[in-house]
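Below you'll find the structure, written out as C-alpha cells, and then a few comments.
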Amino acid sequence: PAAAEHGHPAAAEHGHPAAAEHGRDGIDAIRTHLGRLAGIDCAERLTVRYDARLTPGTSGAAVFETSDDGTSRRLVAMHRAGDPGGEGSSSSRDAEGLSIADIMRDVAEITAERAVRTGASAGHLRAAASELLLRPAATSRDGYESRGRRCRAGAAALRAAAEHPHRASRAARDLSGGGGDVHEGADALLSALEKWKELSATRSVRFADAAAHLVGSLARAELGEALRYETDELLLDVLLKHEKVEAIVSKTLWALRLRMKRRGGVNPALDRLIEQATSRLRGARNDGEESSVHRELSLLDALMTSKRHTIA
C-alpha cells in the first residue's frame, strides 16, 4: 500500500485483501468476512469499497487492510452498507465503509467546536478568533488539512464573535501580533472571513448566517474599516447563495444597511451591485406579504436615498 499522507488513508491498490470484523454474540464472538478492496474515494477520501460478502447486522464493523503475506493489517474504515443480495447473491455489489481518516476529521471538528463554545461561555474569545484566523491558512490540496471542508467550528466561532465583538476583536489583534488597536483586530476578522469565502464556506447555511451576524455586529459596534468593500461583496455573495432562506437574507440586508450607515455615503459601484443582488427580492415585495426581508429592504432603500453624497 502507498504511504498515508496528512492523515488520509493509504491509497491501497485495488485487489488488496480486506477483512471486516464484528461481534454478534458478545465480545468474544468475532466474525471475520474476507474480501478485496475495490477502491477508495480519492477525491474526498470519504469512503472505502470492498467486495466482502457481509451478513445483516454488520454495520459498524471494523474494516482492515491486510498485507499480501497476512503478517500485518491496518484499520481503514468502519463498515456502513453491505450488498442488497446478501452473502453469495448474484445481485450483490461492493460493500462500503466510512474512512477512518474522515471519521477522525469529524472528531477533530467536534472537538474544535466544543473548545470555541466552552471558551465563549466563559467570556474567552481566543479559541474563536484562532478558529477564524488560523484555520483557513492550514490548507492542503484536498481542502482543510486536518478536518476536511467542515465549518461547524467556524460557524460557532462567528456566532461567539458576533455576540462579543470587542472581545473577539481584541483576541484577533493579539493573535495577529498585538501591535495595533482593537480596530486592527476587527479588520483581521473581516479579512479572515474573505479567506473562508474563497474556500466555499459561505455555501453552508449555518456559516453564512453567522457570517452576516458578525459583519453586522462589528458595524454596529463601529469596529473595523468602514470602507472595506470586500466585506460588502462577501455579504452580496451570501445573499445570492441563500436568497430563499429568509432568516439569512434579512440578516444580510441588516448587515449591509449598518455598514452603509457607518460609511455615511453611497459608493456608486457598490450601489449597483446591491441593486442587482436584491432585484428579485424587490420584485417579490408586491405580493402583499410583509416579512422581515421586506422591512429590511425598505430600511435599506430609505438609507440609500438619504445618503446623497458619494464616497470613493
To the nearest 0.05, the calculated FRET efficiency linking E275 and S59 through their beta-carbon distance, R0 being 51 Å, is 0.45
What distance in nm separates the simple spin-label points at T111 and S200, each placed 7 Å from Cα in the Cβ direction?
-> 2.6
So how much slack lies between D181 and R80, counting 0.36 nm per residue of separation and subtracting their Cα-Cα distance, in nm?
-> 31.2 nm
Label-point separation, R295 to T118 (7 Å along Cα→Cβ), nm = 3.9
Rounded to whole Hz, the Karplus (6.51, -1.76, 1.60) HN-Hα couplings of segment 291-304, x for glycine and proline | 8, 5, 5, 4, 5, 5, 5, 5, 5, 5, 4, 5, 5, 5
Out of segment 207-264, which GluC sites (Glu not before Pro) are coil in DSSP terms and have no more than 12 other C-beta atoms within 10 Å?
-> E222
Checking rank on 98-104, 162-168, with mean other Cβ inside 10 Å and highest first, the result is 162-168, 98-104
Provide W196, W254 ordered by accessible surface of protein heavy atoms (probe 1.4 Å), highest first.
-> W254, W196
Please calculate the 1.4 Å probe accessible area of R49, with all protein chains present, and give it to the nearest 10 Å².
-> 90
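The values are calculated or read from the model by the stated rules, or taken from the named source; none is laboratory data. Computed from a prediction, not measured in an experiment: that's the story for all the values here. Cβ coordinates were reconstructed from backbone atoms using ideal geometry, including for glycine residues, and neighbour counts include every protein chain displayed. For the accessible areas, the whole protein counts, side chains as well, though only heavy atoms, and no ligand, DNA or RNA atoms are used. Shrake-Rupley method; radii C 1.70, N 1.55, O 1.52, S 1.80 Å.
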